[in-house]
1. Would you kindly state how much longer the chain becomes between ALA107 and ALA191 on full extension, computed as 0.36 nm times their sequence separation minus their alpha carbon distance, in nm to one decimal?
2. For ALA111, what charge total do you get from the other residues with a beta carbon under 13 Å from its beta carbon, if Lys and Arg give +1 and Asp and Glu give -1?
3. As a test of reading the structure, rank HIS122, HIS138 by solvent-accessible area (1.4 Å probe, protein chains only), most first.
4. Compute the distance from the alpha-carbon center of the stretch 184-199 to that of the stretch 151-166, in whole Å.
5. For LYS170, LYS175, LYS118, LYS210, what's the largest-to-smallest order of accessible area, 1.4 Å probe?
6. Give me the lysines in straight-line cross-link reach of LYS175: C-alpha distance below 22 Å, same-chain residues under 8 apart excluded.
7. Looking at the stretch 111-213, which GluC sites (Glu not before Pro) are in a loop (DSSP not H, G, I, E or B) and have at most 11 other Cβ atoms within 10 Å?
8. Taking the Cα centre of the stretch 95-146 as origin, sum charge times position over the Cβ atoms of Lys and Arg (+1) and Asp and Glu (-1), and report the length of that vector in debye to the nearest 20.
Amino acid sequence: MAGRTRYDNPFEESGGDEVNPFADKATREAPATQSGYSGGSFYATQPRPSPPSSTRLSPLPPEPADFYNDFASPHTNKDMKTMEKELLAKEAELNRREKEIRRREEAAARAGVVIEEKNWPHFFPIIHHDIKNEIPVHLQRTQYFAFASLLGLITCLFWNIACVTAAWIKGEGPKIWFLAVIYFILGCPGAYYLWYRPLYRAMRNDSALKFGW
């Protein structure tokens, strides 16, 4: 077939060196290092720049030998044992007191003694007072009137101190002021212990003997 025309293969590599138009000037001037793959100078391996040394973090200092073993020291173990002994001693003391209080309450209940817990006033309990739960229903109204009388007496004695203080400022002698203070100091607890508490106990037990007293 000598007369057949030979066509040039456009994909055939040419013998000469080709110039990569995308390479910079220094790369074009220096001969490119060819890799094992015969793809031409376009596939030449380019060296990568190394990161600057200033961006590398410095390593952390090593921890001490007993950094994760604080509770294993002999002093700490000794302190923990001492605290444990103290807690056990306090627990034993509380149990002993609880048993003693329970024994006294049981003895008082067997003897018929009523233990009065201070619960009034609520912000600073000084007396025991519970009309709703201790006084019978048919006597609660009378007991409320008696309690209102006690509070009225305390209010009057306090107002008496205020009045005689004003009179003392206007020129009266200090004698009446001292008398008003004495009346207040003795009158409030005297009224409670001499007539209100006996009346409260009589109402609570509904006892004729205590009512007579």
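The values are calculated or read from the model by the stated rules, or taken from the named source; none is laboratory data. No experiment lies behind these values; they were computed from the predicted model shown. Heads up, the Cβs are rebuilt from the backbone with ideal geometry, glycines too, and the neighbour counts pull from every protein chain shown. In case anyone asks, the SASA skips ligands and DNA or RNA and just uses the protein heavy atoms, side chains included. Shrake-Rupley method; radii C 1.70, N 1.55, O 1.52, S 1.80 Å.
1. Roughly 27.1 nm would be gained on extension.
2. Overall, the nearby charge balance is +1.
3. HIS122, HIS138
4. Their Cα centres are 16 Å away from one another.
5. LYS170, LYS175, LYS118, LYS210
6. none
7. GLU117
8. Details: 10 positive and 8 negative charges, 40 e Å.
Dipole size: approximately 200 debye.
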